[in-house]
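Notes to accompany the following structure.
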Amino acid sequence: MPASLAGGHAAFIASFVSIRADSWIAFRIGAFEVQAEARRHGGLAAKRGGLSSGGGRAYHLRQVVLHPLSIPGLFITATDTGVGKTLVAEAIARWFFKRGQTVAVLKPAASGCPHRREGLVSEDAELLAAASETHHPLDLICPNCFAEPLAPGVAARRAGKPMDWPAVQRSIDLMSPGADVMIVEGAGGVLVPFDDRTLVRDVIHALNIPAVVVARASLGTVNHTLLTVESLSAAGITVAGVVINRYPTDLVGIAEETSHREIERIGKVPVLCLVPDERIDPPHVPPGVMSAIGQVDWVALARGKTSR
């Protein structure tokens, strides 16, 4: 190699090593800052209290606080957007209602909301309200609505309308009394931002309730689901189990047939049920979906137990 090239190559390597070292130092400093912030505010580093006890430590989001639920509850999240968590949340809410339970439903934020006479309305909130037959108004069920179909944090920033966390806490405080259980639906996956500093996962941790992960049946779901479960577990969140949605009802491929077993084997988390891929006619929940959901003891899971 010519001397000029060798010298340039050596300079490049030295520069690269310097950049990597600087990046590592910056990363470590950032990590220590995050840990210190968590210790100061009782965040992810703090030990969680008992499920649904109402006595756990409050989890700080910016300058506002969301308190742990005072009643049993489940947070319905997913491996991605468009997986069908609203349908599963509807079915679980309906399951509780049919067993004589008073069900409160909450969606902290929704995007892609149509504009109606009364303003922006969450269609997911409408479906949850119909399934639970709640008397609560839609703006209480979903206190943050954004027009653009984007991650809530992005939609909020573009709309110049920050997430209203006190409104979320107000919804919880008003709907919890008199309810036997609260079903909370997230937005997209667990690392979707609600604002610049708050992810869906942070809200699950704050509410101190078990998470139900809705996943696809198709190829690729093993990786997506295990990443989601790992992210939740790393934050100290109880994963009640996984619901495989849109499971084929006729020809089942090898990927669909084996994926749920791999999720259980590797993730050490139960696949609660396989929800069939049926035609949906909102706001009605298909009978096959209800039948699959009916195989699970959701009362036990909402109380923090792992048995079906």
Checklist entry - Within region 220-261, which residues are among the acidic types (Asp, Glu) and touching a helix residue (DSSP H, G or I) at 6+ places or on another chain (Cβ under 8 Å)? => result 230
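Given the options 168, 229, name the one that is buried (at least 24 other Cβ atoms within 10 Å of the Cβ), within 16 Å of the chain's Cα centre (by Cα) and over 28 Å from residue 272 (Cα atoms).
None of the other options fit; the residue is 168.
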Next on the checklist: Yes or no: region 128-139 includes at least one residue that is hydroxyl-bearing (Ser, Thr, Tyr), touching a strand residue (DSSP E or B) at 6+ places or on another chain (Cβ under 6 Å) and under 22 Å from residue 243 (Cα atoms).
Outcome noted: yes
Next on the checklist: Name the single residue that is surrounded by the fewest Cβ atoms within 10 Å (Cβ to Cβ) among those in region 269-308 being over 18 Å from residue 216 (Cα atoms) and charged (D, E, K, R).
Outcome noted: 281
Checklist outcome for this item: When region 174-200 is checked residue by residue, the ones that are under 28 Å from residue 133 (Cα atoms), in contact (Cβ under 8 Å) with a residue 60 or more places away in the chain and out of contact with any Pro (no Cβ under 9 Å at 6 or more places or on another chain) are 175, 176, 178, 179, 183, 189, 190
Next on the checklist: Among the residues of region 226-266, what is the count of those that are of a type in the set (S, T, N, Q) and not in a helix (DSSP H, G or I)?
Outcome noted: 3
Checklist entry - Checking residue 239 against (1) surrounded by fewer than 18 Cβ atoms within 10 Å (Cβ to Cβ); (2) at pLDDT 95 or above, which single condition isn't satisfied? => result (1)
Next on the checklist: Cβ-Cβ distance below 7 Å, separation of 6 or more or different chains: which pairs start in region 282-302 with a residue that is under 19 Å from residue 180 (Cα atoms) and end on one that is aromatic (Phe, Trp, Tyr) and surrounded by 16 or more Cβ atoms within 10 Å (Cβ to Cβ)?
Outcome noted: 293/95; 294/95; 298/95; 298/96
Item to check | strands (runs of 3 or more DSSP E) (entirely within region 54-114) containing at least 1 residues that are modelled with pLDDT under 95 | outcome: 59-61, 64-66
Checklist entry - Within the bounds of region 108-121, is there any residue that is hydrophobic (A, V, I, L, M, F, W, C), touching a residue at least 60 places away in the same chain (Cβ under 8 Å) and crowded, with 17+ Cβ neighbours inside 10 Å? => result yes
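The values are calculated or read from the model by the stated rules, or taken from the named source; none is laboratory data. Predicted model only: the values in this text are computed from it and were never measured. Every residue, glycine as well, gets a Cβ built from its backbone with ideal geometry; the counts of neighbours run over all protein chains shown.
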